[in-house]
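Single-structure report; data block below.
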Amino acid sequence: MAVTYLKLWHLLLDRKLKKKDLQQQAHLSGYTMHKLGRDETVTTDTISRICIFLKCTPDDIMEIIPDPETHD
């Protein structure tokens, strides 16, 4: 199972925000921004801070991509 944050980047574009705005306002490190950009795992604290800043839910910023080998 993988996660993609494409919804997050689209949401930032829709709101005319830059990644730097997100980083500063949600108090994210450069390393965390790098992980988000590469669709890597981040903590629930990170997801929470992003959602609080953007006033949204996790479902608005991320999507879980099921493993094609799993049929459940």
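Every number here is computed from the coordinates shown, using simple stated rules; none is lab data. These figures come from a predicted structure and were not determined experimentally. No Cβ is skipped: glycine too gets one built from the backbone with ideal geometry, and neighbour counts run over all protein chains shown.
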Report ³J(HN,Hα) in whole Hz for each residue of segment 53-61, in order, from the Karplus equation J = 6.51 cos²θ - 1.76 cosθ + 1.60 where θ = phi - 60°; Gly and Pro get x.
-> 5, 8, 6, 9, 10, x, 5, 7, 10
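Per-residue counts of other Cβ atoms within 10 Å, averaged by peptide: what ranking do you get for 10-23, 45-58, highest first?
Ranking, from highest mean packing down: 45-58, 10-23.
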Under 20 Å from K16, Cα to Cα: lysines that are on another chain or at least 8 residues apart | K7, K55
For M1 and E69, calculate 0.36 nm times their separation in residues minus their Cα-Cα distance, and state this gained length in nm to one decimal.
-> 23.5 nm
Considering only A26, T41, Y5, whose Cα is most displaced toward the positive end of the charge dipole of segment 2-65, charges sitting on Cβ of Lys, Arg (+1) and Asp, Glu (-1)?
-> A26
Modelled label-to-label distance, Q24 and E40, 7 Å Cα→beta-carbon offset: nm?
-> 2.5 nm
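Rounding to the nearest 20 debye, state how big the charge dipole of the chain is about its Cα centre with +1 on each Lys and Arg Cβ and -1 on each Asp and Glu Cβ.
Working: 10 positive and 11 negative charges, 138 e Å.
For this selection, approximately 660 debye.
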Pairs of Cα atoms under 8 Å, at least six residues apart: use those to get the relative contact order of the chain, whole percent.
-> 54 percent
